[in-house]
Amino acid sequence: MDPSFDAFVRARGDALLRYGYVLTGSNEDAADLVQEALARLGDAWSRVRKKDSPEGYVRTIMVRQHINAWRRRRREDLVAAVPERGDFDRYDDADLWAELARLPRRMRAVLVLRYYEDLPDEEIAEILGVSRGTVRSQAARALDKLRVMRSLEEAR
């Protein structure tokens, strides 16, 4: 194995796992997503390491795999409630995740890429394989949906 690939995995593995968790909402699915993405990155490492951002490459792989899995299943895997304890608690994102988990996968991916990864719409569109307008409309619809859900909960 190439030592530079090994160094990359050691340096960025935890960050990629957190990113996978934000995309999937599950530690197990996040680990699977990272493992598959790193396997694909390892196959392409000799040409990817010469480019500007191997991490951007692997994150793109992760998002595309996540979207493809969603397309294959065509259903949501939502949990009834977020557990009181878990690995995600160390990031203090439990409330955020509970709200994001209620969104469809594509909307969730757009919000994660836009606000968690701080990517511009053009790059998000490229990663997801959609137009910039689709990214903008998905983000707007997702935020509207979150507002409606919050106002319904507050009314209870």
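Return only the number of the condition from (1) among the aliphatic types (A, V, I, L, M); (2) crowded, with 17+ Cβ neighbours inside 10 Å; (3) at pLDDT 85 or above that Ile67 does not satisfy.
(3)
Looking only at the stretch 2-14, which residues are out of contact with any Pro (no Cβ under 8 Å at 6 or more places or on another chain) and touching a residue at least 12 places away in the same chain (Cβ under 8 Å)?
Matches in the stretch 2-14: Asp2, Ser4, Phe5, Val9, Arg12, Gly13.
Scanning for something hydroxyl-bearing (Ser, Thr, Tyr) and surrounded by fewer than 15 Cβ atoms within 10 Å (Cβ to Cβ), does the stretch 28-51 turn up at least one residue?
Yes, the stretch 28-51 has at least one match.
Output the residues belonging to the stretch 116-142 that are in a helix (DSSP H, G or I) and surrounded by 16 or more Cβ atoms within 10 Å (Cβ to Cβ).
Passing the criteria: Asp121, Glu123, Ile124, Ala125, Ile127, Leu128, Thr134, Val135, Gln138, Ala139, Ala142.
Would you be able to tell me the number of residues in the stretch 23-55 that are without any contact (Cβ under 8 Å) to a residue 40 or more places away in the chain, more than 15 Å from Ala69 (Cα to Cα) and touching a helix residue (DSSP H, G or I) at 6+ places or on another chain (Cβ under 8 Å)?
Final tally of qualifying residues: 6.
Going through Ala94, Ala109, Ala98, Ala81 one at a time, which residue ends up being open to solvent by 40 Å² or more (accessible area, probe 1.4 Å) and either under 15 Å from the mean Cα position of the chain (by Cα) or at pLDDT below 85 (or both)?
Unique residue meeting the criteria: Ala81.
Can you pull out the helices (runs of 4 or more DSSP H) entirely within the stretch 1-75 that have at least 3 residues that are under 20 Å from Leu119 (Cα atoms) and within 12 Å of the chain's Cα centre (by Cα)?
Hits in the stretch 1-75: 3-24, 54-73.
Among residues belonging to the stretch 143-156 that are of a type in the set (Lys, Arg) and part of a helix (DSSP H, G or I), point out the one that is modelled with the highest pLDDT.
Result: Lys145.
The values are calculated or read from the model by the stated rules, or taken from the named source; none is laboratory data. No experiment lies behind these values; they were computed from the predicted model shown. Cβ atoms come from the backbone with ideal geometry, glycine included; neighbour counts cover every protein chain shown. Protein only, heavy atoms only, side chains kept; ligands, DNA and RNA dropped before computing areas. Shrake-Rupley method; radii C 1.70, N 1.55, O 1.52, S 1.80 Å.
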